[in-house]
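J.: Next up is a structure, given as structure tokens.
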Protein chains: 4
Amino acid sequence: ASLSSRSMASKTPVGFIGLGNMGTPMAKNLLKNGYPIIATDVFPESRKELQDTGAQVVDSPADVAEKADRIITMLPSSPNVIEVYTGPNGILKKVKKGTLLIDSSTIDPAVSREMALAAEKMGAVFMDAPVSGGVGAASLAKLTFMVGGVEEEYQAAQELLTCMGANVVYCGQVGTGQAAKICNNMLLAIGMIGTAETMNLGIRLGLDPKLLAKILNMSSGRCWSSDTYNPVPGVMEGVPSANNYQGGFGTTLMAKDLGLAQNTATNTKTPIPLGSLAHQIFRVMCSRGYANKDFSSVFQFLREEEGQ
Amino acid sequence: ASLSSRSMASKTPVGFIGLGNMGTPMAKNLLKNGYPIIATDVFPESRKELQDTGAQVVDSPADVAEKADRIITMLPSSPNVIEVYTGPNGILKKVKKGTLLIDSSTIDPAVSREMALAAEKMGAVFMDAPVSGGVGAASLAKLTFMVGGVEEEYQAAQELLTCMGANVVYCGQVGTGQAAKICNNMLLAIGMIGTAETMNLGIRLGLDPKLLAKILNMSSGRCWSSDTYNPVPGVMEGVPSANNYQGGFGTTLMAKDLGLAQNTATNTKTPIPLGSLAHQIFRVMCSRGYANKDFSSVFQFLREEEGQ
Amino acid sequence: ASLSSRSMASKTPVGFIGLGNMGTPMAKNLLKNGYPIIATDVFPESRKELQDTGAQVVDSPADVAEKADRIITMLPSSPNVIEVYTGPNGILKKVKKGTLLIDSSTIDPAVSREMALAAEKMGAVFMDAPVSGGVGAASLAKLTFMVGGVEEEYQAAQELLTCMGANVVYCGQVGTGQAAKICNNMLLAIGMIGTAETMNLGIRLGLDPKLLAKILNMSSGRCWSSDTYNPVPGVMEGVPSANNYQGGFGTTLMAKDLGLAQNTATNTKTPIPLGSLAHQIFRVMCSRGYANKDFSSVFQFLREEEGQ
Amino acid sequence: ASLSSRSMASKTPVGFIGLGNMGTPMAKNLLKNGYPIIATDVFPESRKELQDTGAQVVDSPADVAEKADRIITMLPSSPNVIEVYTGPNGILKKVKKGTLLIDSSTIDPAVSREMALAAEKMGAVFMDAPVSGGVGAASLAKLTFMVGGVEEEYQAAQELLTCMGANVVYCGQVGTGQAAKICNNMLLAIGMIGTAETMNLGIRLGLDPKLLAKILNMSSGRCWSSDTYNPVPGVMEGVPSANNYQGGFGTTLMAKDLGLAQNTATNTKTPIPLGSLAHQIFRVMCSRGYANKDFSSVFQFLREEEGQ
């Protein structure tokens, strides 16, 4: 009963924890939609910025949990999520029964399941809802959310997520949102390196890059990295390869997501030969000056000719 | 002058060498379009079959070259092409000046360039025009031709190729047709293994395969193997995965094409980490019972669980 | 003071938890050396077997901790270690101050560090001491122990470990024993697959396998897998390849150790391209009938020819 | 008859073609052993240097073949060998019946077999005899020769090869010398990258590099790269890693040999997953500033930490 009364009661305060590059614009979009926000972050400047736009700022996740029965978290990695939920000043210290906890961080699905169990013990409900789309999509409320958790609570989550995203997809039990995100990004990574290798080989064999891209895109080699985000400068406009690989999705972030894919594959004894090699390649790139470039710079990493 | 007179003179006899699963329907489509065919093949049954549909059959490539000034070859691999063109009874023994030689085999582009040089010495013109699309597309004249060679001769080649295919793409100098074919198939192989790994990982993480395919296809993981030829049984209809991986494009053929990619990459000192690993994977599959299954059976190869 | 009094007091009871294929002969060797043993295991039959040789058997790790101030654990994987140390009937529930805890399981070094911290809170000392060498070496007290932990306690550990092994190597702080074990096995896995590929390639190129092994072993290709444990049947005697890959070190166990290497590499952002691919290869082998064969059967996995 | 008279007649002139870093000291060692040398090279300076030490210099391989019935060739790659043997001024233009041709270049074994066939047509005998050991070993006559060819001629070859090397190993039919060389270097490459990865991982996990090397070398991880040529600075003296990776065996040369391994594996349909990935890694290194460093610099390539 408490669950349904909460999820129907819209426009009551929403908690938001994690005010980084992604979290801040997401929280602002909730504010725009009329939701009072109770927020916190470890960095005072981040708290200040959101406060200036009308949010109420508190000191800790526990304080957020005292004041809000719907809370969204957007954090860098698994250890942060564990700390924010189960740490000494964590959400679960003061969470109210029936609270809906939505974690939009990209983390190991096993950690999502642990958090869900810990929340359940306190009478709260945890859902994982990682996003695809970057800072731009976050600002424009055009993110895609992949949601895992109890189906009965999905509608309540959807109400908030649609304020921040254009697509909200229900994936199944807790952890499947993370699983979908990780799977997509692994295939993306493979497709991007594959496209970079292929374009590079074709160019060395005498093909014009634009023509090769056109041939691939009308054939069975077609993929998102070849037709929407081509890594070869001069083939497409408006993509990072047209702008010296600035902006976009950083190689470090891709390496992090592939680390998650690697861990979940290892733990489920699933062979991922190409995913695993893609992980290694982006890992090496991180230490060779590509960490902050868009991940399509793998074309640049591979193309350089000997002796140059 | 001889060149242009030849290329304008349509409906004069066309030579056809290599009457296998692909060559026979291609030659028949030329017959349907009113071109007299002078054909040969090493296998008498293949010669007989085409003779029964109205082609004139002769004993050797040299004999074909005596009677036709436009010749198409469709052969299994580089050594066959070398033999048919430069062997003791090869085309070049009796080729007439100005003859147009179109090779639709999938071979090493370096061999195409060698053949072009040898043809040029005899006053003939060689173009490479490998195809994508299988036996079905060959029968329905729906192949895609990727053509490399002197641009002035492209129109003459196109006249014949459009009788056998739906798309004819000019790629550049001799060898670039092969290059385009090899590049496409390498990226296809990478995308297929990547899709198989990803679907398998997602399923083990609790995702429904149809839902996962839908999510990938609306996201950046999208590729031809995920949206048009999904390797997971039950996700799509009308693809080999829906029919126990019968039909389609055999693993052996994919391994052969990846061998070509590997060789051209090695010879041009081009790094192809994923292409190279994809080659190894299909190579191992060939010796583990997957040689004649469609290459999307890599999903089956990777999915099997331990202890089963 | 309590620490040094304990570590000097030899022949007082030693606890032993985990009486599997490895643990049982290890505990027996301590008995042979005159140490009273207080043991437990989840399986009654295993407890019974050790009881029959003179050990005192108790119900739980906590009970062991009540009666012994030196305890050795030998368990299959990280979750078992966590349970045995920190579970509801775990060692740390009743551990005495100054107790020396030696874990010979092969697990993630991060878990070893966690256990060490948890033990420290209770006033106990934890060391990791994984072994190399199989069941045979365990019976003959010929194991090699790689030990991580506080250096002052090393001597006390060594006293017990030398009863069970021929080599005891101090590696550094807690977790470095695991690190050394994982590193060795990763390089072993790479060397074995490399040897298998190389021997297979050489044989196909016309070389006699014994001659090839001899050449490698006098050259820079030499490694333990080529000169001591050659994977090709007929090259050496007394190794698993001479006995249809029975006995030895199972593919599943190697896959498990490579999973640990993979996880530690991912978590420390260390690129391990070959280690990672080796992991994938043994993982695939596990699901294709090689799980219980010796890991040198990778030669058999790779050698099979197409069409056979 | 002519063959045996030739092979017994020692101290008659020996031809030598290819006076590079390796060929020059090899030819000098033959001179030291009292063999008159008839030499040539494409570079006048190289011819001059050898002339100054007492060799007779001629203009072309054909000229060498006119004056010597035992000829050694030491050339950079397959195309050079083809040119020197079968080109317009090649050996086979003027070779005498019964001449013994020994090729010490490292090339594709298929090319060795082609040269052997071409030589046989002219009544000459061709053997492949590639070397291991670098410029230092060449100067000190400490090379290892791996010899392929007709067994009856092996003794005649051995007489000359022992003047230039410490080990001469008969491997089998023509091409098996190359096969043995390629196989050894492939396993060497795998072992070196494996050692570099392993040492790097161990260091990041807190192990002292010297201690880790010691542990590996007494365990199953042991290989030539860990115990004789360790890639980590500070672990060993007198190896390239102790000298900023100067000297030794250049990454470019290793990449070349791995290209040969890759090609022979592709052509014999042999899976070499780790060999293939090792090839790709050294290929990438070549274009990132490591081309002329010793191949053990792969440690440096992999170790660099992110953000540095």
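The values are calculated or read from the model by the stated rules, or taken from the named source; none is laboratory data. Since the structure is predicted, the reported quantities are computational estimates derived from the model, not experimental observations. Using ideal geometry, Cβ is built from the backbone for each residue, glycine included, and neighbour counts are taken over all protein chains shown. For the accessible areas, the whole protein counts, side chains as well, though only heavy atoms, and no ligand, DNA or RNA atoms are used. Shrake-Rupley method; radii C 1.70, N 1.55, O 1.52, S 1.80 Å.
J.: If you take the residues in the stretch C:251-263 that are of a type outside the set (Val, Ile, Thr) and away from chain A (no Cβ under 11 Å), which one is farthest from A:Ile272 (Cα to Cα)?
T.: Going through the qualifying residues, I end up with C:Leu253.
J.: While we're on this one: Answer yes if at least one residue in the stretch D:215-234 is more than 13 Å from every other protein chain (Cβ to nearest Cβ) and open to solvent by 50 Å² or more (accessible area, probe 1.4 Å), and no otherwise. Steps first, please.
T.: At the first step, the residues of the stretch D:215-234 found to be more than 13 Å from every other protein chain (Cβ to nearest Cβ) are D:233-234.
Checking the rest, the ones that are also open to solvent by 50 Å² or more (accessible area, probe 1.4 Å) come to D:233-234.
There is at least one residue in the stretch D:215-234 that is more than 13 Å from every other protein chain (Cβ to nearest Cβ) and open to solvent by 50 Å² or more (accessible area, probe 1.4 Å).
J.: Taking A:Gly248 as the residue in question, decide whether it is at pLDDT below 95 and away from chain D (no Cβ under 13 Å).
T.: yes
J.: Just to verify a result, which residue in the stretch C:186-214, among those that are farther than 22 Å from C:Ala242 by Cα and in contact with a Gly (Cβ under 6 Å, 6 or more places away or on another chain), is farthest from the other protein chains (Cβ to nearest Cβ)?
T.: Start the filter on the stretch C:186-214 by keeping residues that are farther than 22 Å from C:Ala242 by Cα, which leaves C:186-187, C:205.
Those still in the list that are in contact with a Gly (Cβ under 6 Å, 6 or more places away or on another chain) too: C:186-187.
Values: C:Met186: 6, C:Leu187: 4 Å.
So the residue we want is C:Met186.
J.: Against the definition (open to solvent by less than 30 Å² (accessible area, probe 1.4 Å), under 21 Å from A:Pro13 (Cβ atoms) and touching a helix residue (DSSP H, G or I) at 6+ places or on another chain (Cβ under 9 Å)), how does A:Cys163 come out, yes or no?
T.: Criteria met by A:Cys163.
J.: Consider the stretch B:167-185. How many of its residues are buried (at least 24 other Cβ atoms within 10 Å of the Cβ), within 12 Å of A:Leu212 (Cβ to Cβ) and within 7 Å of another protein chain (Cβ to nearest Cβ)?
T.: 6
J.: All but one of (1) free of Cβ contacts under 8 Å to residues at least 60 places away in the same chain; (2) open to solvent by 20 Å² or more (accessible area, probe 1.4 Å); (3) not in a loop (DSSP other than H, G, I, E, B) hold for A:Asn80, so report the exception by its number.
T.: (1)
J.: Pick out the one residue from A:Ile107, A:Ile38, A:Ile102, A:Ile17 that is farther than 18 Å from A:Met127 by Cα and assigned by TED's automatic domain parsing to the domain that holds A:Gly136.
T.: Exactly one of A:Ile107, A:Ile38, A:Ile102, A:Ile17 is farther than 18 Å from A:Met127 by Cα and assigned by TED's automatic domain parsing to the domain that holds A:Gly136, namely A:Ile38.
J.: Tally time: how many residues in the stretch B:167-208 are out of contact with any helix residue (DSSP H, G or I) (no Cβ under 8 Å at 6 or more places or on another chain) and farther than 16 Å from A:Ala180 by Cβ? Quick ask: steps written out before the conclusion?
T.: Step one: of the stretch B:167-208, the residues out of contact with any helix residue (DSSP H, G or I) (no Cβ under 8 Å at 6 or more places or on another chain) are B:167, B:173, B:204, B:208.
Narrowing further to those that are farther than 16 Å from A:Ala180 by Cβ: B:167, B:173.
Number satisfying all stated conditions: 2.
J.: Sort out which residues of the stretch B:282-298 are part of a helix (DSSP H, G or I) and not aliphatic (A, V, I, L, M), and write them in order of number.
T.: Filtering the stretch B:282-298 down to residues part of a helix (DSSP H, G or I) leaves B:282-290, B:295-298.
B:Phe282, B:Arg283, B:Cys286, B:Ser287, B:Arg288, B:Gly289, B:Tyr290, B:Phe295, B:Ser296, B:Ser297 - these are the residues of the stretch B:282-298 that are part of a helix (DSSP H, G or I) and not aliphatic (A, V, I, L, M).
J.: Go through the stretch C:29-66 and give me each residue that's outside any loop (DSSP other than H, G, I, E, B), in contact (Cβ under 8 Å) with a residue 60 or more places away in the chain and either under 23 Å from C:Lys94 (Cα atoms) or within 21 Å of the chain's Cα centre (by Cα) (or both).
T.: Answer for the stretch C:29-66, where residues must be outside any loop (DSSP other than H, G, I, E, B), in contact (Cβ under 8 Å) with a residue 60 or more places away in the chain and either under 23 Å from C:Lys94 (Cα atoms) or within 21 Å of the chain's Cα centre (by Cα) (or both): C:Asn29, C:Leu30.
J.: Of all residues in the stretch C:264-298 being more than 10 Å from chain A (Cβ to nearest Cβ), open to solvent by 10 Å² or more (accessible area, probe 1.4 Å) and not basic (Lys, Arg), which is nearest to C:Thr176 (Cα to Cα)?
T.: The qualifying residue nearest to C:Thr176 (Cα to Cα) is C:Thr268.
J.: Check B:Ile203, B:Ile190 and return the single one that is open to solvent by 10 Å² or more (accessible area, probe 1.4 Å), among the β-branched types (Val, Ile, Thr) and either out of contact with any strand residue (DSSP E or B) (no Cβ under 9 Å at 6 or more places or on another chain) or under 26 Å from B:Glu304 (Cβ atoms) (or both).
T.: Among B:Ile203, B:Ile190, only B:Ile203 is open to solvent by 10 Å² or more (accessible area, probe 1.4 Å), among the β-branched types (Val, Ile, Thr) and either out of contact with any strand residue (DSSP E or B) (no Cβ under 9 Å at 6 or more places or on another chain) or under 26 Å from B:Glu304 (Cβ atoms) (or both).
J.: Let me ask something additional. How many of the residues making up the stretch B:198-244 are assigned to a loop (DSSP other than H, G, I, E, B) and within 20 Å of A:Ser219 (Cβ to Cβ)?
T.: Adding up the residues that qualify gives 10.
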